[in-house]
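First the structure, in the form of structure tokens, and then the observations on it.
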Amino acid sequence: MTRTAIIQRQTSETDISISINLDGIGQHEINTGVGFFDHMLTAVSVHGLFDLTVQATGDLHIDTHHTIEDVGIVLGQALNQALGNRKGLIRTAHAYVPMDEALGFVAIDLGGRPYTVFHGAWHTAAIGQMPTDLVQHFFESVAIHANMNLHARIEYGRNDHHQAEAVFQAFARALDTAVTIDPRRA
């Protein structure tokens, strides 16, 4: 069974193409035009062992909102398609990831019910070109379109870069476990 997907989405604001292989080795090619966001998507690929290609162009002359939101939508759609009928999945998983002084936590259920809870406090308005409030919005977009229940927490931290990276890596690790086929359930 091949658990891959290629999704393309074009709007008046963005043009996005994403391919994912859930059974990959962490190969990635990420280009959204938003450097810190590329760094976070790379972390998802590397720490989740997903082969991930993201090509996105958007109205960055306005701001990064549409690009980050729409990448979340398309990534969610790609995950949903790659998961197929979801039979045999471990389905629920969680992960804690420390990043220096910060600790991130994510719990996921791939049971088909989209919902997001995000708890965390930021110290700055943006990390590079990425507004910190868009971290939560990105995860909401992914969860809705992947039909995933996602709970994320920034437990603590002083540095927003570390906090965001801890949450993205925890997401990757929880998702890697949740998408795993349990041979006892197959």
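The values are calculated or read from the model by the stated rules, or taken from the named source; none is laboratory data. The shown structure was predicted, so the numbers you read here are calculated from the model rather than taken from an experiment. Cβ atoms come from the backbone with ideal geometry, glycine included; neighbour counts cover every protein chain shown. Quick note on the areas: whole protein, heavy atoms, side chains included, nothing else; ligands and nucleic acids left out. Shrake-Rupley method; radii C 1.70, N 1.55, O 1.52, S 1.80 Å.
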Within segment 56-78, the count of residues that are open to solvent by less than 50 Å² (accessible area, probe 1.4 Å), assigned to a loop (DSSP other than H, G, I, E, B) and free of Cβ contacts under 8 Å to residues at least 60 places away in the same chain comes to 1
When residues of segment 45-55 are limited to those that are part of a helix (DSSP H, G or I) and touching a helix residue (DSSP H, G or I) at 6+ places or on another chain (Cβ under 7 Å), the one least open to solvent (accessible area, probe 1.4 Å): Gly48
Go through the residues of segment 149-163 one by one and say whether even a single one is part of a helix (DSSP H, G or I) and of a type in the set (A, V, I, L, M). no
Residue hits (segment 29-51; in contact (Cβ under 8 Å) with a residue 40 or more places away in the chain and more than 14 Å from the chain's Cα centre (by Cα)) are Val34, Gly35
Which residue is nearest to Ala43 (Cα to Cα), if the candidates are limited to segment 79-106 and must be in a strand (DSSP E or B), among the aliphatic types (A, V, I, L, M) and open to solvent by 30 Å² or more (accessible area, probe 1.4 Å)? Met99
So Ala121 passes all but one of these: (1) open to solvent by less than 60 Å² (accessible area, probe 1.4 Å); (2) assigned to a loop (DSSP other than H, G, I, E, B). Which condition number does it fail? (1)
Out of (1) without any contact (Cβ under 8 Å) to a residue 60 or more places away in the chain; (2) of a type in the set (A, V, I, L, M); (3) touching a helix residue (DSSP H, G or I) at 6+ places or on another chain (Cβ under 9 Å); (4) under 17 Å from Ala170 (Cβ atoms), what's the single condition that is false for Ala93? (1)
Checking the conditions here, which among Ala166, Ala143 is more than 23 Å from Thr57 (Cα to Cα), open to solvent by less than 10 Å² (accessible area, probe 1.4 Å) and touching a Gly at 6+ places or on another chain (Cβ under 8 Å)? Ala166
Of the conditions (1) in contact with a Pro (Cβ under 9 Å, 6 or more places away or on another chain); (2) under 20 Å from Glu140 (Cα atoms), Gly88 clears all except one; give me its number. (2)
Log entry, pairs with first residue in segment 5-28 being at positive phi, second being open to solvent by 70 Å² or more (accessible area, probe 1.4 Å) and modelled with pLDDT of 95 or more, beta carbons closer than 6 Å, six or more apart or on different chains, reads Gly26/Leu49
Of the residues Thr42, Thr4, which is open to solvent by 30 Å² or more (accessible area, probe 1.4 Å) and within 15 Å of Phe138 (Cβ to Cβ)? Thr42
